[in-house]
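Contents: one structure, followed by commentary.
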Amino acid sequence: MTRLHCCVVSALPLLMMVSLAAQAPGQRGGAGQRGGAPAAPPMTLTVSGFPDGGQIPVKFSQAAEGAAPGEGTSPAISWSNVPAGAQSFVLNMHDMDVARNKTTDDQAHWVVWNIPAATTSLAEGVAKGSQRPDGSYQISATGAMYRGPGAPANGPHHHYMFEIYALDTKLDVTPAADAFETRANVMKAMQGHVLGKAVYGGLFKRPQ
């Protein structure tokens, strides 16, 4: 009995050494993270005129006074904390409450791609036109322009999402005749090139 007890006691230091050795890699990793460079702040997106998750003003909708059917005035948009190495940006605005043609496809309200890397904002009221002066392209279900929110007054609010993507490349995509085909082409070409993303949302339905 005494001999067994001695063996157990003598084995304890060895077991403690094994346990400490097993913990060491995790401890070293934690110390390394504390001593290394801080993580980059997340990319952020701001859409002027309403808070994130708030009501989109009629001014930016299809219901605005003087707006042509399916059109509207685009809001000012800006983004910050751009990831290092960004070569271009893609903006995707869509209505999450629309199920198009019984598919998972929702409404394409505004897709802008190949926005130059030096650009971090879009001014209010972007003009129509497939290719913009800075070389980027735009399209929506209405055409080569911004399509404002237009959810009917007799239903629930729709959720409109603005998404900005930072890419490590420019996309070799030109507009197709169909906005949904074009958006699918843009999204496919983006795969494997997204460095960062930010989202901003708003609610809208037409006034009674």
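Quick note: the coordinates plus some simple rules give every number you see, no bench work behind them. Keep in mind it's a predicted model, so treat the numbers as computed, not measured. Cβ: placed from backbone, ideal geometry, glycine included. Neighbour counts: every protein chain shown.
Could you give the length gained by full extension between residue 187 and residue 48, i.e. 0.36 nm per residue of separation minus their alpha carbon distance, to one decimal place? Show your work: numbers first, answer last.
Details: separation 139, 0.36 × 139 = 50.04 nm, distance 2.54 nm.
Taking residue 187 through residue 48 to full extension adds about 47.5 nm, to one decimal.
Under a no-solvent Debye model with one identical scatterer per Cα of the range 71-112, what's log10 I(q)/I(0) at q = 0.33 Å⁻¹?
-1.20
How big is D, in µm² s⁻¹, for the range 44-204 by Stokes-Einstein at 20 °C and 1.002 mPa s if Rh is the Kirkwood radius over C-alpha pairs?
Answer from the Stokes-Einstein relation: 136 µm²/s.
Starting from 0 in steps of 5 Å, tell me what percent of the Cα-Cα pairs of the range 68-161 lands in each bin.
3, 12, 21, 23, 18, 12, 7, 3, 1, 0
May I ask you to derive the FRET efficiency for residue 168 and residue 100 from their Cβ-Cβ distance with R0 = 35 Å, giving the value to the nearest 0.05?
0.70
For each of 157, 94, count neighbouring Cβ atoms within 10 Å of the residue's Cβ, then give the residues from fewest to most.
157, 94
Tell me, what is the FRET efficiency for residue 117 and residue 73 to the nearest 0.05, using R0 = 25 angstrom and their Cβ-Cβ distance as r?
0.40
Once you keep just the Cα pairs under 8 angstrom separated by 6 or more residues, what percentage relative contact order results for the range 44-204?
30
Mind giving me the nanometre distance, one decimal, between the label points for residue 81 and residue 134, set 7 Å out from Cα along Cα→Cβ?
In this crude spin-label approximation the distance works out to 2.1 nm.
So how do 100, 183 line up by other beta-carbon neighbours within 10 Å, fewest first?
The order, fewest Cβ neighbours first, is 100, 183.
First measure r as the distance between the Cβ atoms of residue 206 and residue 161, then evaluate 1/(1 + (r/R0)^6) with R0 = 22 Å and state the FRET efficiency to the nearest 0.05.
Values: r = 19 Å, r/R0 = 0.85.
Efficiency for this residue pair is about 0.70.
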